[in-house]
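Okay, so here's the structure we're looking at.
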Amino acid sequence: MNQEGPYSGEPAGPIAYMASNRIAPNLLMFGIIALGLVSLGGLEREGWPVVPFNMIEVFMAYPGATPEEIEESIIVKIEERIETLEDVKAIRSLAAPGLASVRIQWRTGTNLSEAMDEVQAAVGQIQSFPATAERPQFWEMDSRTSVIRLMLFGDATERALKELAYQVRNELKTLPSVSLVEVSGTRDYEISIEVPLATLRALGLTLEDIAYAVRQSSLNLSAGSIDTRESEVRVRTIGQNYNQLDFEEIAIVAQNDGAIVRLRDIATIRDGFQENNMIVRHQGTPAVFVEVYRGEDENVKTISDTVNEHVRDVILPSLPDGIGITVWNDDSPVYAERAGLLVRNGILGFILVFIALALFLEIRLAIWVIFGLVTSGVGALSVMLWLDLPLNAQSLFAFLLAIGIIVDDAIVVAERIYSQRMKGLPGPVAAIRGTRRIKTALTFAVLTSIAAFTPLLFIPGGVGEVWFALPAIVIGMLVISLIEALFILPAHLSHLPGPEWTPSNFADKFLFRIRTSVDQGLTRFLKGPLNRALRFATDYPAIIISGTLGLFVLCVSLIPAGVVPTTLIGVVEGDFVTATLEMPEGTPEERTLEVAMELEAAGRRVIERLDQEGPEGAPSLLQGTLIVVGQGPRVEGGGLDSSPTMNPQSHIAGIEIRLLSAQQRDMSTITIMQAWREEVGILPYVRGIAFSGDVINLGNPVEVVLSHPNSERLIVAADSVVNSLYSVAGVFDIRSDHAPGIGEIQLGLRPEARTLGITVEDLAQQVRSAFFGVEAVRLQRGEEEVRVYTRLPASEREAITDVEGYLIQTQSDGKVPIHQVATMTMGTSPPVIRRRDGQRIVTVTADVNAEVISGSQANEILENRFLPDITASEPELTYSFGGEQQEQLESLGALNRGFMLAMLAIYALLAIPLRSYRKPFLLMAIVPFGLIGIILGHVILGLPLSAVSFLGFFGLSGVIVNDSLVMIDSIDRRIREGSTPRHAIVEGAKSRFRPIMLTSVTTFLAFVPLILEPAIQAQYLVPFAASLGVGIMITTAILMLLLPALMAAFSRINSNRTAQDMQNA
């Protein structure tokens, strides 16, 4: 029995208490807002989400070793240990000259801290690594990049720029808001002691002898301490050499006459840099980077403001003549621009929602609904702090998305209270009764929305990490909005004026006249077109159901037919266009730089032409250029696909063109990139050029990974795939990562060499010492470890004849020509060896013209048309898809599984309030038809379908279920009151048309600003807005006819079954 209480005669309970209390609801609202505002200060800001790759890399340096040697002596051993660990998903390895990289990908949910311990323990058990290899290093891979990247440039030596960069770094590290600063884009220091072969012969020495002498003459060594009566005295030998002058004084040979041969007498000592092919050029002048990273709990904007101010006020005025400094990358403006854009669209959405509510309902009601949206949004900031979610473009978009979803809760409650108040009930009574009547349906409707968004929390891979904030924030706002709608909003709406109220001032009269006109028009629609449509739907449900099914099949068939293009993720506009240049293996870095400068010049010509075609007086699109020889360009947003650690490669170069901010230009990076590609054309002396304008890189649109036990057959198969892709229209930049082998002199020990006491190890070590060098010692100079090598001069190790003329020392200190003790044959060695799960692989990649063909379509053609023939001729060939296709398969597979589980949860949540096992199927049958709205929305707006589009389907599903549940609740109530099923269906649907229509209109209006947003950096979010904004309007029209038709069919089936049961009885 309900207990009567002091709530205007209404039964006691939480809703009645809060609706009748003026203080508690406001305190609850202010508490939620205060908690959110306090949390705001603790949230990190970032331009782009940092994506953990769920991957650990093990890398080892093995200076001077070939890829085949590294594969055999390092990689295979690591793979054998790692493959026995649990939860390993894949192992990708790379053997490059002087470096081994093994990347271990773990299954979703793996604790990477524990995995790191297991990997370190497994690798630590290997005792047979080469003696000259470095210790293995381990790191957890993610997409983190520096938040601000400074570039020092000018006509100066590399050493001068590097030392100046260290000085700038040290200054920045003293700033209170900066903790992590690194210098990059420059080579490591190295001291090279070069002794001519003739000198070695004359003195009877070897390079190992020189290295030993240097090692023995360069060290500091503690000898403990002495305890005297007065104090402790430490004893230490001081003899460490640090620079060229120090090393020149080392004694090598003491002659009989007392003369000493010092190192300066027999060698050229170069205190310079490692020979690692790194060249950096900005605007044609040498450059070096100073990169500032964000530490724990540090704010991107604070770092940026502090660094920019220090550069402007302190560093720039103190730079030497001819040296400049510029900010090449800065995440803070990126965040500010995108945040400003989304906030602006959010405010416009709020205004449009408010106008719609004011037109259909009372102005005061509209104000309190908006207050409820603000409360939910601000309160969700505390959820972000709890989940450690940063503020970025994705999380801010989640707030914009939630406006269109959570407004449904407030509208349903507000409309019910408003209708009760218009019946003449006192304000508190109307608030209590209206809320109680809808509380069950509303609670389960919110729970079904939460169930619909929950699968998005578990999308694996980079896509899932990027979009994790969206479902987390929306679910948080849904929970807060339910609390607000049930316990805060009723108290505010209990003061609504009743039906006796008449407008007294101009503003009230104006709004009253508009609202009256809207109500009259709505009433005419309800009694006219809608009434006739509902009666037709209930009289002929089969026509409505079959017609909707036909429309569904037609819309879905537009996807495979190519009428609606598809892509995994839309282009995220940034401020850079880049080109990755790959020359033939073995190309010197100087030649690579020449070609890179050609590409840079072509880019400049393109932008100059585009500037001339633009408005007069407009700022130039070009803000700067950068060339880095040795590695490819950096992805602006960090990228979603991991790259192995690599030494600089002389045949690789990255060209970056920094553009005018996306907020200040109306030309997309894709347009500029395409014009640049056309300007460059086909260069016959280049192995490949890949252009990009994306901020978030998911990998190549077309990427197939091939494996075969026979390396030669693997290369043949890869060439076949490449040739096949050339015949597909719209596919370009096709290339295989297999490169022709580099010429190699292969030495083999002759049997007669053993009579001279020469072993294979002796031969290998002496040849390595001569042509690569002997590491004599390492020393710590400042903050950098410097290696000291002894080797032959460069002029004596640059020709094949230098190898042929080299003398090998015997055990009796004799010297014999190398050809007498070793065979010499010419062969080839692969420049790089790539492996996956213990097998060598070759990867074929390509880009696509989205206007001609999508990546998924190209992959489908490759898999169904070409690969079957290739595998038929090579039965041992295996293949798998990577890049965008792999991300798409993993993401959509997880979404499909999650969607099925969500449907089960939604079924249970619907069966409870409906008290039926069969009725939930009626509501859930409506959900798939939301695809009609999504597909038609994309057709209307001319957008491609993407993973982002289908993320909107989950939000749409929640709104559909909510509206359907409210309609069925109204229909069931009328049936319980004695109405016939047909009358109950028609009148129930008509009675809920206003809140359903209002929900759809407000959701649509919330996204209208974003759909119409001209800013190019917002275009990747438009498909989501189209799915939910345009999709909800189309789906609502379907819902208003399809659900009554299904209810009518359901009622007829029940009636026929009951009649048959009575007849049988």
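The values are calculated or read from the model by the stated rules, or taken from the named source; none is laboratory data. All values derive from a computational prediction rather than experimental measurement. For neighbour counting, all protein chains shown are included, and Cβ atoms are generated from backbone atoms with ideal geometry for every residue, glycine included.
May I ask you to list the residues in the stretch 156-210 that are surrounded by 17 or more Cβ atoms within 10 Å (Cβ to Cβ), closer than 30 Å to E796 by Cβ and of a type in the set (V, I, T)? If the condition is that a residue be surrounded by 17 or more Cβ atoms within 10 Å (Cβ to Cβ), closer than 30 Å to E796 by Cβ and of a type in the set (V, I, T), then T186, I191, I193, V195, T206, I210 are the ones that fit. The helices (runs of 4 or more DSSP H) falling completely within the stretch 778-876 that include 2 or more residues that are touching a residue at least 40 places away in the same chain (Cβ under 8 Å), more than 24 Å from H651 (Cα to Cα) and of a type in the set (V, I, T) map to 818-821. Please enumerate the residues belonging to the stretch 357-367 that are assigned to a helix (DSSP H, G or I) and crowded, with 20+ Cβ neighbours inside 10 Å. Across the stretch 357-367, the qualifying residues are L357, A358, F360, L365, A366. For the stretch 206-215, the count of residues that are assigned to a loop (DSSP other than H, G, I, E, B) and acidic (D, E) is zero. Among the residues of the stretch 499-514, those identified as part of a helix (DSSP H, G or I) and farther than 20 Å from G427 by Cα are F506, A507, K509, F510, L511, R513, I514. Scanning the stretch 108-147 for residues that are without any contact (Cβ under 8 Å) to a residue 40 or more places away in the chain and at negative phi gives N111, S113, E114, D117, E118, Q120, A121, G124, Q127, A131. I'd like to check something: does the stretch 901-916 contain any residue that is assigned by TED's automatic domain parsing to the domain that holds G550, part of a loop (DSSP other than H, G, I, E, B), of a type outside the set (K, R) and free of Cβ contacts under 8 Å to residues at least 60 places away in the same chain? Among the residues of the stretch 901-916, at least one is assigned by TED's automatic domain parsing to the domain that holds G550, part of a loop (DSSP other than H, G, I, E, B), of a type outside the set (K, R) and free of Cβ contacts under 8 Å to residues at least 60 places away in the same chain, which makes the answer yes. Counting the residues of the stretch 758-774 that are surrounded by fewer than 17 Cβ atoms within 10 Å (Cβ to Cβ) and either modelled with pLDDT under 85 or assigned to a helix (DSSP H, G or I) (or both) gives 4. Among the residues of the stretch 184-207, the ones that are at pLDDT 90 or above and among the aliphatic types (A, V, I, L, M) come to 3 in all. State whether the residues of the stretch 578-586 include one that is more than 28 Å from S1051 (Cα to Cα), more than 34 Å from the chain's Cα centre (by Cα), acidic (D, E) and not in a strand (DSSP E or B). Scanning the stretch 578-586, I find no residue that is more than 28 Å from S1051 (Cα to Cα), more than 34 Å from the chain's Cα centre (by Cα), acidic (D, E) and not in a strand (DSSP E or B), so the answer is no.
Among the residues of the stretch 333-345, just one is modelled with pLDDT of 80 or more and buried (at least 22 other Cβ atoms within 10 Å of the Cβ), namely N345. Considering the conditions (1) part of a helix (DSSP H, G or I); (2) closer than 18 Å to V280 by Cα; (3) of a type outside the set (V, I, T), E608 is excluded by exactly one of them, (2). Could you pull out the residue among V564, V606 that is more than 23 Å from P831 (Cβ to Cβ), under 29 Å from the mean Cα position of the chain (by Cα) and surrounded by 14 or more Cβ atoms within 10 Å (Cβ to Cβ)? Only one candidate passes the filter, namely V564.
Out of all the residues in the stretch 71-82, is one or more of a type in the set (A, V, I, L, M), under 21 Å from Q765 (Cβ atoms) and at pLDDT 90 or above? Yes, the stretch 71-82 has at least one match.
Checked against the criterion of being on the phi > 0 side of the Ramachandran plot, modelled with pLDDT of 80 or more and surrounded by fewer than 24 Cβ atoms within 10 Å (Cβ to Cβ), the stretch 921-933 contains not a single residue that satisfies it.
Only one entry of E656, E679 meets the criterion of being surrounded by fewer than 19 Cβ atoms within 10 Å (Cβ to Cβ), modelled with pLDDT of 90 or more and under 24 Å from E594 (Cα atoms), and that entry is E679.
Residues that are of a type outside the set (V, I, T) and either touching a helix residue (DSSP H, G or I) at 6+ places or on another chain (Cβ under 7 Å) or surrounded by 11 or more Cβ atoms within 10 Å (Cβ to Cβ) (or both) within the stretch 783-799 comprise E784, E785, R787, Y789, R791, L792, P793, A794, E796, R797, E798, listed in sequence order. Only residues that are in contact (Cβ under 8 Å) with a residue 40 or more places away in the chain and surrounded by 14 or more Cβ atoms within 10 Å (Cβ to Cβ) were counted in the stretch 509-518, giving 3. When L496, L530 are checked against the criterion of being outside any helix (DSSP H, G or I), in contact (Cβ under 8 Å) with a residue 24 or more places away in the chain, in contact with a helix residue (DSSP H, G or I) (Cβ under 9 Å, 6 or more places away or on another chain) and among the aliphatic types (A, V, I, L, M), a single residue qualifies: L496.
For the stretch 149-167, the count of residues that are in contact with a strand residue (DSSP E or B) (Cβ under 6 Å, 6 or more places away or on another chain) and among the β-branched types (V, I, T) is zero. Which condition number in (1) surrounded by 17 or more Cβ atoms within 10 Å (Cβ to Cβ); (2) part of a helix (DSSP H, G or I); (3) of a type outside the set (A, V, I, L, M) is the one that G547 fails? Tallying (1) surrounded by 17 or more Cβ atoms within 10 Å (Cβ to Cβ); (2) part of a helix (DSSP H, G or I); (3) of a type outside the set (A, V, I, L, M), G547 fails exactly one: (1).
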